[in-house]
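The structure appears right after this line, and notes come after that.
The values are calculated or read from the model by the stated rules, or taken from the named source; none is laboratory data. Note that this is a predicted model, so its numbers are computed, not measured. Please note: Cβ atoms are built from the backbone with ideal geometry, for glycine as well, and neighbour counts cover all protein chains shown. What goes into the accessible areas is simple: the full protein's heavy atoms, side chains included, and nothing from ligands, DNA or RNA. Shrake-Rupley method; radii C 1.70, N 1.55, O 1.52, S 1.80 Å.
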Amino acid sequence: MGKHKTRKKTKKRLNQDLIRTDVWSLLATPTQKYQLLLTIDEYRQYLKPLVLIINAQWVNLASLPAKERVNVVEKMIHATATNPNPKHKYYQKVINKYPSFRKFPSYLRRAAIADALGIVSSFQTRYYQWQSGERKRRDARPPRLSATCNTYPTLYKGQQVKYGANYCTVDLKIWNGSDWVWTNSIQVKSHGGRRHLTVNNKMQSPTLVVNRNRCQLSMPIAIGKIERQERDYVASVDLGINNAATCSIVGRDGTVKARQFINPSRDIDRRNQRRMMIAKKSQQTQRITTQKLPRGFCRGIYRKSSNINLEIARTVARKIIDFAKTHSVKVIVLENLSGWKAKAGRRGSLLKQKFHLWCHRKIVELLTDRWNEIGGVVQAVNPKYTSAYAFDGSGKVKRSQMNYSLLRFTTGKNYNADLNASYNIGARYWYNIIIGDKHFSRVFEGKCSHDTLRTPVTLGTLRSLVTAA
């Protein structure tokens, strides 16, 4: 029964459309960048009156389907041969004030209308919630409609954007101050995750993002559905402090096929060095000034340390995926550590700092997103007793006082603590598939008797179950 439920959840997750966004960096010349900035300003100027018009007509628009709203608003403001007298006269005053709006491209006009509809819809929803009493504070002020929107235009393929050979260049239709013209062959410096090259993936309409610091296309990619084959093995992963990740391939019958330690120690040392620099500088500053540290103290070092920590999470997630792909598994099993907080270590101690810098949630987030893209499934199991009991079923273990990454079984056998935990994580997943464990993914917080599993599931439990069958 548990197996049927898990497969049903897996199919439901795979049927959902996945959209991932790559950032394409553009190498624009100073002249091209200036014209791109003019295009952004022109788009935002065009968007302002649309927000006010749609908000005034929201009573008539709210009941319409999302696809029909754009057409209805366009008929209100845009004069054509079949629609010589648009309904909304206010917009004619805007046209007289900004004659450039007469030349505004039709596809970009529809993109601006869609943006304005989203802005007004969000405001109306938040305002209704405020009127209904859903407020963070009793004296919270009502939300305000902002007509000054710092949004960026969406470009439609063939109308506002064209791609060169191998997507190395792009042609964009931009506003040069007097007319809408094509600027040719803007070099693409990088393509982000290069998801557009994957078979079955489809490129969507990109967003032009240009400001003082960057010039890029935000390229959404619709991920093609991939069905990975069901197998009798899973990749169980124990995320830890001593080793960033310990992986093992655990079979349905309790067989351990492979194992791997993942520990980007070089990046960890670089991160810790910067944290020690911050600690030393803060001690020296407080000793000299005898005051609290100023706001923004060591901002640059904090930023570098955080970026290194993010790179550690990316490296660990990537290596876990490579390990799972090497052994052709579909499911990656982790411990459910959401909401977990470390209780060990005094404030300001090195142990407390280790727990504070532990980026396990970021690893899980990156791993889940990337693994789902290629048809895999990430499952979380209850972390209770995965490290406290021996995988062979011999009972509780005792950690070494000299090296906390080692433990001793009651039989006298010494073993790696992280490997022992990874075996038990995989065993708990298979136990749920075979038997159906109601404590499969529950996180224990209380001390009541019902919060404690009477018989912890280990790899030995799984092997005994298979032997008995």
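The Rg/Rh ratio of the stretch 174-289, with Rg taken over Cα atoms and Rh as the Kirkwood radius over Cα pairs, comes to 1.19. Each residue of the stretch 373-390 was assigned a 3J(HN,Hα) from its phi angle through the Karplus curve 6.51 cos²θ - 1.76 cosθ + 1.60 (θ = phi - 60°); the sequence is 4, 9, x, x, 10, 10, 10, 10, 10, 5, x, 4, 6, 5, 9, 8, 10, 6 Hz, with glycine and proline shown as x. With 29 Å as the limit on Cα-Cα distance, the pairs of 33/93; 136/304; 280/343; 157/189; 136/225; 48/225 that go past it are 33/93; 136/304; 136/225; 48/225. Taking the centroid of alpha carbons for each part, the stretch 23-80 and the stretch 252-285 are 47 Å apart. Once you order the gyration tensor axes a ≥ b ≥ c over the Cα atoms, which shape class does the stretch 51-90 get: rounded for a/c under 1.5, otherwise prolate or oblate by comparing a/b with b/c? Note, shape of the stretch 51-90 comes out oblate.
Normalising the Debye intensity of the stretch 159-212 to I(0), with uniform scatterers on Cα atoms only, and taking log10 at q = 0.30 Å⁻¹ returns -1.41.
Quick check: from the Cα gyration tensor, does the stretch 377-439 come out rounded (a/c under 1.5), prolate or oblate? It comes out prolate by the Cα gyration axes. Projecting the alpha carbon convex hull of the stretch 11-165 along each direction and taking the average yields 14.8 nm². Our Cα-only numbers for the chain put the radius of gyration and Dmax at 28.7, 91 Å.
When a 1.4 Å probe is rolled over the protein heavy atoms, the share of accessible surface on the chain that falls to carbon and sulfur comes to 48 percent.
Placing one equal scatterer on every Cα of the stretch 241-356 and applying the Debye formula, the log10 ratio I(q)/I(0) at q = 0.11, 0.16 Å⁻¹ is -0.53, -0.91.
From helices alone, the chain scores -13500 deg cm²/dmol at 222 nm; the rule is -39500 (n - 2.57) for each run of n ≥ 4 DSSP H residues, then divide by the residue total.
Taking θ as phi - 60° and the Karplus parameters 6.51, -1.76 and 1.60, the scalar couplings of the stretch 32-41 work out to 5, 5, 4, 5, 5, 5, 4, 5, 4, 5 Hz in sequence order, x denoting glycine and proline.
Average 1/r across all pairs of distinct alpha carbons in the stretch 287-327, invert it, and you get the Kirkwood radius: 13.1 Å.
Rolling a 1.4 Å probe across the protein heavy atoms gives the chain an accessible surface of 58 Å² per residue. Sort out for me the Cα centre separation of the stretch 175-248 from the stretch 386-420, rounded to whole Å. Between the Cα centre of the stretch 175-248 and that of the stretch 386-420, the gap is 42 Å. When you restrict to C-alpha pairs under 8 Å that are six or more residues apart and normalise by the size of the chain, the relative contact order lands at 16 percent. For residue 406, the amide hydrogen comes within under 5 Å of the amide hydrogens of 400, 417, counting only partners 5 or more places away or on other chains and with H modelled in the peptide plane. Each residue, residue 290 and residue 130, gets one label point 7 Å from its Cα in the Cβ direction; the gap between the two is 4.8 nm.
The calculated FRET efficiency for the pair residue 265 and residue 27, based on their C-beta separation and a Förster distance of 35 Å, comes to about 0.45. Karplus-based coupling profile of the stretch 170-182, in residue order and whole Hz: 9, 10, 10, 8, 10, 9, 9, x, 9, 7, 8, 10, 8, with θ = phi - 60° in 6.51 cos²θ - 1.76 cosθ + 1.60 and x standing for Gly or Pro.
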